[in-house]
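Everything on this sheet refers to the single structure shown next.
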Amino acid sequence: MPNSSLIRDLSRVVGRRWVLHEPEDLLVYEYDATIERGLPEAVVLPYNANQVSQVVRIARRHNAPVTARGAGTGLSGGAIPCDGGIVIVTSRMNRILEVDAGNRIAVVEPGVINQDITDAVAPHGLYFAPDPSSQKVCTIGGNVAENAGGPHCLRYGTTTNHVLGLEIVTPEGDLVWLGGKTADPPGYDLTGLVVGSEGTICIVTKVIVRLMDCPQSTVTLLAIFDEVDQASHAVSAIIGQGIVPAALEMMDRNTMRAVEEAVQAGYPPDAGAVLLIEVDGLEEETREQADSVRAVCEELGARELRIGFSAEDRERLWAGRKGALGALGRLAPSYYILDGVVPRSKLPAVLRGVYEACDSFGFQVANVFHAGDGNLHPNVMFDERVPGATQRVLDLGEVIMRLCVEAGGTITGEHGVGYEKRNYMSWIFSEDDLEVMAGVKLAFGATDLFNPGKIFPSSKGCGEVSSRMKAAIAKVGPDAYV
Amino acid sequence: MADNPPFSGPFAPSDADLSRCVHCGLCLESCPTYTETGLETESPRGRLYLIKAIAEERIEATPTVVGHLDLCLQCRNCEAVCPSGVPYGRIMEGARAELLANRPPLAWRLRALFLREVIARPRRMAAFATLLRLYRASGLRWLAERAPFLRERVILAPTISGPTFRARGVLARPRGEARGRVALLIGCIMPHAYGRVHEATVRVLARNGFEVVAPPHQACCGALNAHNGDRPTARALARRNIDAFLDAGVDAVVVNSAGCGSAMKEYGELLADDPDYAEKAKRFAGMVKDVTELLAELPLEAPTGRVEADVTFQDPCHLAHAQRITGAPRELLAAIPGLRLVEMAQPDRCCGSAGIYSLAHREMSLDLLDGKMREIAATGAEVIATANPGCMAQIEAGLRRHRRPGRVVHVVELLDEAYR
Ligand SMILES: Cc1cc2nc3c(=O)[nH]c(=O)nc-3n(C[C@H](O)[C@H](O)[C@H](O)COP(=O)(O)OP(=O)(O)OC[C@H]3O[C@@H](n4cnc5c(N)ncnc54)[C@H](O)[C@@H]3O)c2cc1C
Ligand code: SF4
Ligand code: SF4
């Protein structure tokens, strides 16, 4: 058994059933939704904050790094244990501890599923605004760590705008509260610092979330265009009108093709792009905005407009968008999702650049993204089994990221830096900037205990197997885990 | 590596199927064994990854891995929500077939033997049914379910009451305008455990203008064999059914057991590589209809009576996820005057029956059943309708376990009552 004293110590805290250490079990914790891989030495499923704190202390004693994991839907390799060590999974910490409808807050454990918060507070006419497309499965802990966004973040902001306080476990293993139940507590905004820190400075064990009133009225429009260019111009034009839609999403032809197969959304096969636009607020306001949006789209050459007022009709219009990423699995065995941001006005030019780059590398690309925020998600289709394909896709990714940065944008809108994009950090931050960031991490007392190998540039590969792991592998079979 | 690595045989999941999974995780929350345990090893994504790892010879099929694959209910909820269209059911059946052919655990071999030599053999099945009938009639069940040590162990054991459905040949002539001629699958367990459902089915079909026949040479559908990895037996049974039903000269093959219907709709795939049967199997599969599916497509004969009851509907996994039929049974219930349909939360979450799963994995099965009973209780409905014998037996066990009153029926039984 690999490092049996570590396993024994962990078992004493959480119970034997909740410590995984057999190589076959560890195997399914080597991935998330990306193409990176890295094997842990042990996986622990604590039941509460107290157990997390004890696990962290044990990890320190054994000099084992700790990586938190929610649902493993991350798109930057965040939950992959690059240096082996312990993975703390939050799936058993999934209780909604308190709903205070009057004050519009809820206190939840980190393993609670994003959608479950909204479902639990819906009877009070409230909802949790951040809505990543993965919201039916991803955890609030993962949302906090990645500062997750979603279609509706255009108007309402990302996770950071909806988290008031956090209970965390520090690298010392102490349980500490940051922020609180009121907005804007005095002193440093440490909550804001932890949101988006990708599990590198602490483990989140409770989250106080802000809830919002469900809008009185919502209208969803779907505008179909012949050309991607027309659609990207419409995006700028809509916002130029002074309208801030709740959501403004774009899908291109390849995406529509996949979606059509998966959910039969009724997209015309020869269309170039669709925009999905949602406006919400007071009844009268939304009607007016919907009318202006419609006028803008028509003027810019939309060939068809569909409008949904009722919840069912709107859900139907959204179905294609929500299932889009997964549906891309129908076009090719693997896909690589990029996440970059560009100024809205540069969308048409950068998109053209993306198509050209993919062409020159010989890969198909499907674009489905938060157009209103200028948050691009080119999905590059490829076949992992073709030798060398993965590396060429990664190279292409780098080219596309450069396009974004050169257009005045940045390397991630919502998926985080994680492992995948740590080396691009130096394109946008100077040595000094990065040193300040590293200083913050150190101030928390986190050296390389939490999620090492993430965010900060480094040349070490993910999953470079530790010697301890190698010994374990040797016991299962000679060819295992190569 | 081993000399004969598993997953290289004829049933091995194809590379194309396996590589469809992009490990996005969108299936996780729909998987009962994942939400119960929180373990990736008990999730669809994890199981697919393990199967792939065995196929790629990264790992061997150790007892640990086999355990994870075995805890899968094959409820196919994951398949229904997977946006990439991963054919999970087909992959898992293939994997189990390979494992059963390759030094399988003793429990697997015994299970396959029991399914092949008892359940799928009408005479032995009838004898077995007699035993189960006795178990109940003698008061033994009553005793066992009240004995503290036994209670948990026996609560999910199948029990049987009511008369066996024995009729074959022409079962009914159409009433009113004739719409066609259909054949009914009798099945292995249904005629013994729920003969009354067959009777109701025949009456409802006749009332709607169908001549109903039961070809005498038909066999068990083979679903349980296929789920448990016994592909050869499943294929043999499929061939017998294809011959029996195609000879009957009918317009459709009607099935009132969702699990059987789903397996029969997949005969085309099961026999795709059989030169003599591939084409026939495809044709046959196209004729198979769940009874609710067939009826909902008709201009339904309007019920003359009323059924005054609060009814909740439990979607059988193999109807909702494998056959993707969720609207039809609800439409039928809505057509019954007086009946109030009260939906439970997650009606398509597996009740834990899953063929013989409830016997093989009692603890998981009971956990799922308890969750289901909570959702049912929350509706306040006194009647629980479903469309599969396994689900009916499981929910009946749930009512006994929780000492709750309530009546479990097949949807067609309610329709039949409304026609009286
Ligand atoms: C189909 C699909 C669509 C998606 N759509 C969107 C989208 O629209 N917007 C968006 O922003 N993202 C999206 N994502 C990415 C992903 O769902 C989000 O990043 C999500 O927040 C990850 O949550 P998770 O629970 O899966 O976290 P994981 O992947 O398990 O972990 C992500 C990171 O969070 C850290 N972490 C997890 N829990 C804790 C904790 N308790 N304490 C500290 N650190 C922790 C991990 O260490 C890791 O670094 C999508 C992903 C998929 C597969
Ligand atoms: S089975 Fe489908 S939904 Fe599940 S991880 Fe694979 S691709 Fe995603
Ligand atoms: S078939 Fe059911 S139990 Fe098995 S992995 Fe899929 S959802 Fe889970």
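The values are calculated or read from the model by the stated rules, or taken from the named source; none is laboratory data. These numbers were taken from a predicted model, which means no experiment stands behind them. A quick note on method: Cβ atoms are made from the backbone with ideal geometry, for glycine too, and the neighbour counts reach across all protein chains shown. Keep in mind that these areas ignore ligands, DNA and RNA; they rest on the heavy atoms of the full protein, side chains included. Shrake-Rupley method; radii C 1.70, N 1.55, O 1.52, S 1.80 Å.
Points to keep in mind about this one:
- Entry comment: accessible area of chain A is 38 Å² per residue, from protein heavy atoms only and a probe of 1.4 Å.
- Loss of accessible area when B meets A, both sides summed, Å² nearest 100, probe 1.4 Å: 3100 Å²
- Accessible surface, per residue, of chain B when the full set of protein chains is kept, probe 1.4 Å, Å²: 39 Å²
- Here B:His217 and A:Ser310 are evaluated by their C-beta separation; at R0 = 45 Å the FRET efficiency comes out at 0.30.
- In this rough spin-label picture, where each label sits 7 Å from Cα along the Cβ direction, the A:Thr182-A:Ser430 distance is 4.0 nm.
- Angle in degrees between helix A:253-263 and the longest Cα principal axis of chain A, rounded to the nearest 10: 70 degrees
- Cβ distances below 4.7 Å define possible disulfide partners, and in chain B the cysteines left without one are B:Cys21, B:Cys24, B:Cys31, B:Cys72, B:Cys82, B:Cys351, B:Cys391.
- Among the residues of segment A:317-331, those with an accessible-area drop of 20 Å² or more from chain alone to full protein complex, heavy atoms and 1.4 Å probe, are A:Gly326, A:Gly329, A:Arg330.
- Gaussian network model of chain B, springs between alpha carbon atoms under 10 Å - residue of B:Ala178, B:Ala112, B:Ala120 with greatest fluctuation: B:Ala178
- Global form of segment A:4-88, assessed from the alpha-carbon gyration tensor, a/c cut-off 1.5: prolate
- Remark: the Cα gyration tensor places segment A:217-326 in the oblate category, a/c being 1.5 or greater and a/b not exceeding b/c.
- For chymotrypsin sites (Phe, Trp or Tyr not before Pro), the sites in segment A:129-200 that DSSP calls loop and that have at most 13 other Cβ atoms within 10 Å are A:Tyr188.
- Each Lys and Arg contributes +1 and each Asp and Glu -1, all at the Cβ; summed about the Cα centre of segment A:4-88, the dipole is approximately 500 debye.
- Residue among A:Val207, A:Tyr29, A:Ile239 farthest towards the positive dipole end of chain A, charges placed on Cβ: A:Tyr29
- Among B:Thr35, B:Thr292, B:Thr62, residue whose mean-square fluctuation peaks in a GNM of chain B (springs only between Cα atoms under 10 Å): B:Thr62
- Label-reachable residues, segment B:47-67, where backbone N falls under 16 Å from a point 7 Å from B:Ala360's Cα toward its Cβ: B:47-48, B:51, B:62-67
- Percent accessible area from carbon and sulfur atoms, the protein assembly as shown, protein chains only, probe 1.4 Å: 52 percent
- DSSP bridge orientation in segment A:4-88 - percent antiparallel, rounded to nearest 5: 25 percent
- Once the Cα atoms are used to define both axes, helix A:431-443 deviates from the longest principal axis of chain A by about 50 degrees.
- Farthest toward positive dipole pole in the protein assembly as shown [+1 Lys/Arg, -1 Asp/Glu at C-beta], among B:Phe7, A:Leu317, B:Gly67: B:Gly67
- Computed E for A:Ala101/B:Thr62 - FRET, C-beta separation, R0 41 angstrom, nearest 0.05: 0.25
- Theoretical gain in end-to-end length, B:Val170 to B:Thr326 [0.36 nm per residue, Cα-Cα removed]: 53.1 nm
- Between A:Asp119 and A:Arg303, the distance separating the two model label sites (each 7 Å from Cα on the Cα→Cβ line) works out to 4.0 nm.
- Highest-MSF residue in chain B out of B:Gln74, B:Gln346, B:Gln323 [GNM, Cα springs under 10 Å]: B:Gln346
- Count of Lys pairs (Cα-Cα under 28 Å; at least 8 positions apart or interchain) in chain B: 7
- Shielding by other protein chains, B:47-60, mean Cβ within 10 Å: 3
- Among residues other than B:Ala219 with Cβ under 11 Å from its Cβ, the summed charge is +2 (Lys and Arg +1, Asp and Glu -1).
- Cα shape, segment B:125-252, gyration tensor, a/c 1.5 rule: oblate
- Charged side chains reduced to their Cβ positions (Lys and Arg at +1, Asp and Glu at -1) give segment A:124-227 a dipole of some 320 debye around its Cα centre.
- Approximate shape of chain B as ellipsoid semi-axes (Cα gyration tensor, √5λ), whole Å, largest first: 33, 26, 21
- With the charge dipole of segment B:317-420 set up from +1 on Lys and Arg Cβ and -1 on Asp and Glu Cβ about the Cα centre, the Cα lying farthest toward the positive end among the listed residues B:His410, B:Thr326, B:Ile336 is that of B:His410.
- Estimated dipole of chain A in Debye, rounded to 20 [Cβ of Lys and Arg +1, of Asp and Glu -1, Cα centre]: 1620 debye
- Interface residues of segment B:4-40, defined as a loss of at least 40 Å² in heavy-atom accessible area between the chain alone and the complex of all protein chains with a 1.4 Å probe, are B:Ser19, B:Arg20, B:Val22, B:His23, B:Cys24, B:Leu26, B:Glu29, B:Thr37, B:Gly38, B:Leu39, B:Glu40.
- Antiparallel beta bridges, as assigned by DSSP with both residues in chain B, represent about 15 percent of the total such bridges.
- Computing FRET efficiency as 1/(1 + (r/R0)^6) for A:Ala349 and B:Ala335, where r is the C-beta to C-beta distance and R0 is 51 Å, gives about 0.30.
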